[in-house]
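Before any comments, here is the structure.
The values are calculated or read from the model by the stated rules, or taken from the named source; none is laboratory data. This is a predicted model, so every value here is computed, not measured. Here Cβ is always computed from backbone atoms with ideal geometry, including for glycine, and neighbour counts include all displayed protein chains. Remember, those area values only see protein heavy atoms, side chains included, never the ligands or the DNA or RNA. Shrake-Rupley method; radii C 1.70, N 1.55, O 1.52, S 1.80 Å.
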Amino acid sequence: MQGVNDMIIPGTTRLSPANSVPQPNLCLRRCHQPLRLRHRTPARTTDEIGREAIRRAMKALRKRHLLEEGAHAPAIAALSRPFAAQGLEWKEKAEKLEFELQQCYRAQSRLSEQLVVEVAECRSSKALVQEKESLITSLQSEVTQAREENSQLKECLDEKTEALVLVLTENHSLQSQMKDVMQKLNDAQAENKNLIDRWMLEKMKDAEKLNEVNALYEEMMQQLKVSSIEQLARQKADGVVRQREAGYCDDIPDSAIPSACKHVLHAHDGGCGSISFEHSSNNLISGGHDRAVKIWDANTGTLRQTLRGSVSSILDLAVTHDNKFVIGASGSNHLFVWESSSARIRHSLTGHADKVCGVDAGRHSARHVVSAAYDHTIKLWDLQKGYCVNTIISISNCNAVAYGLDGLTIWSGHVDGNLRLWDGRSGKLLSEVAAHSQSVTSVAISRSGNMVLTSGRDNVHNLFDVRTLEICGAFRGNGNRVASNWSRSCISGDERFVAAGSADGSVYVWPTAKTEPAIVLEGHDSPVLCCAWNAFGRTLASSDKNGTICIWG
C-alpha cells in the first residue's frame, strides 16, 4: 500500500526520501571498497563476496536502527499509547491553550486600551510640548525685547545719573551760597533787632516826654475851668492830646452797651465767620461757609440782597468807604469784589497760593484793598485796575489785616503772636510788638485811628496806642475763650467799649475805662466767631458757627 520510502520499521522514525536514499549508497560505497580489495584475492568467489557485503550492510542497518531507536524513543512511546488517551490529553492541552489564548486576548485588549490612552496622552503631551515651544519662542522674543529696553534704560539711567551728579554739584554750590545768605540774613536780623531796641528806647523816651506833657496838660486843665481856655489849651498842645489828632470827628455819637437781642437771623448754613457794617449805615453784611454774602437791614432784620459767585467759604469781609464794593476773602485762594448796587462780581483777584483769611479796604480811598493769606504774603490790590500792586512777605502766616487811618500803613496780626506795622508803598516793616503769647486772631482799628485792638488764642484782648505801641488796656474774662484762629473782635466808634465773642456762645462787652465789669450777652447756642459795631454806636452784631446772627440793641 505504501512505497518503500513510506514504510515505517517498528522502533524507527519515518525517513524522508532525501534521507533514505543516500544512506544505502553510503553503505554500498563502504561495502564496495573492501570488495575491490577482495577482488584482489582470487581465492574467494563472487557469491561469497556478495553475501559478505549483504551481511555488512545488514549489520550497519541494525546499528543505525539502534541509534535512531534511542533518539526517537519518546515519540515511539507516545505513538505506542492508545489514541483515546492521547485525544484526552490533546483536548486538555487544547482547552488549556484556548484558555491561555483568551487570557492573551484579554491582556491584548487591556494593552490596546492602555495603548490608546498612552497614544492620547502622547498626543496631548506633544501638543503641550508644541505649546511650550511656542511659549518659549515668545518668551525668548520678550527677553530679547526686554534686554533691548534694559540697555536703553541703562543708557537713560547713565544720562540721568550724570544729570543728577551735575544737579547735586549745583545743589552743593547753592547750599553754600544759601549758608552765606542765611548768615547775612541772621546778621541783618540781629542788626534789625538792635535797631528796633534802640527805636523802642527812643519811643520810651518820647513816651516819657509825652507823659510829662500830659501831666502838664492835666495840671492846666485843673487850673483852667473855662471851656474857651480849655479849647485853647487843646490846640496849643499841637497833637499831643489824642482827641485832636488826625481821624477825630466831633460828630461821633456816644456808644451804649446793648441790653437785649432785637433780631435773630438764620443767615448761613454751616457757619458765619465774618460780619461788617456799611460805613455810616445800618446795613449789615455777612459771609458764611455756604459761599454766599448777604446784606441785611439791621433795624428790621430783613434780607435785602444776596451776593453769589464765590467757590468757597467766606473767611473775611471788607467794604469800601463809599459802600460801592464788597470784598470777600475766600478759602479758594481768591478775593471776590462785588458791586453792591447790582450784586455782580466786578473782579476775581488771584495771586495768593493759599486760603485768604483777612481783607480790609482803605479808609479814604475806594481803590485800594489789602489782603493776607496762609502763604506768608500780604498783598495790596488796585480795584480800578484789578490786579496786585505790591506783595509783602512775612516770616509768619497772617490771620488778620487792617489799613491804618492814613491809608499808607498796614497792621497785621500773625500766628507767632506778633502785631506788625508795614509801609504799604515800600513793603518795609516799620514796627513789631509781641501782642500775644499765641496766635493773633483779630486786628481792629478804632474810628479815630488812635487805637488798635487785637485778640489772641491766649484769650486776651489788648488795646494798643498806635503811636507808642504800648498796651492801654488788656481785657479778659473768666469764661471768655476765643473760638477760632479767625475770631474777630471790635471796638466802638467812640472807643468806649470793646466787644468779643466766646466759645461758650456768649458775647463779652468791656468798658475801655475799666470803670465797670464786663457785660455778658447770651443768645447764641454755639461758639461766637465775629462781632461788629455800627458807626452810630447803638447796634452790635455777632455771628456764630451755626450761621446765626444776633443783633443787639
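In table form, for the structure just shown:
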{"read-out": "Residue list for region 276-285, restricted to those being open to solvent by 10 Å² or more (accessible area, probe 1.4 Å) and either touching a strand residue (DSSP E or B) at 6+ places or on another chain (Cβ under 6 Å) or at pLDDT 95 or above (or both)", "value": "276, 277, 278, 283"}
{"read-out": "Residue among 420, 425 that is of a type in the set (Lys, Arg) and either touching a His at 6+ places or on another chain (Cβ under 6 Å) or part of a loop (DSSP other than H, G, I, E, B) (or both)", "value": "425"}
{"read-out": "Residue tally, condition open to solvent by 10 Å² or more (accessible area, probe 1.4 Å), at pLDDT below 90 and not small (Gly, Ala, Ser), over region 250-275", "value": "6"}
{"read-out": "Cβ-Cβ under 7 Å pairs, at least 6 apart or on other chains, region 462-483 side within 16 Å of residue 444 (Cβ to Cβ) and assigned by the TED database to the domain that holds residue 510, far side charged (D, E, K, R) and open to solvent by 30 Å² or more (accessible area, probe 1.4 Å)", "value": "464/470; 473/514; 482/457"}
{"read-out": "Which listed residue, of 184, 203, is open to solvent by 50 Å² or more (accessible area, probe 1.4 Å), of a type in the set (D, E, K, R), more than 29 Å from residue 495 (Cα to Cα) and modelled with pLDDT of 65 or more", "value": "184"}
{"read-out": "Qualifying residues in region 33-72 (those that are polar (S, T, N, Q) and modelled with pLDDT under 70) - the one surrounded by the fewest Cβ atoms within 10 Å (Cβ to Cβ)", "value": "41"}
{"read-out": "Among (1) more than 27 Å from residue 279 (Cα to Cα); (2) hydroxyl-bearing (Ser, Thr, Tyr); (3) modelled with pLDDT of 95 or more - the single one residue 431 does not satisfy", "value": "(3)"}
{"read-out": "Evaluation of residue 430 against (1) crowded, with 18+ Cβ neighbours inside 10 Å; (2) more than 36 Å from the chain's Cα centre (by Cα) (one fails), failing number", "value": "(1)"}
{"read-out": "Top-ranked residue in region 497-538 [being part of a loop (DSSP other than H, G, I, E, B) and hydrophobic (A, V, I, L, M, F, W, C); ranked as most open to solvent (accessible area, probe 1.4 Å)]", "value": "536"}
{"read-out": "Of all residues making up region 265-306, the number that are over 18 Å from residue 538 (Cβ atoms) and more than 42 Å from the chain's Cα centre (by Cα)", "value": "3"}
{"read-out": "Residues satisfying the stated conditions in region 465-494, i.e. of a type outside the set (Lys, Arg), part of a strand (DSSP E or B) and crowded, with 22+ Cβ neighbours inside 10 Å", "value": "475, 490, 491"}
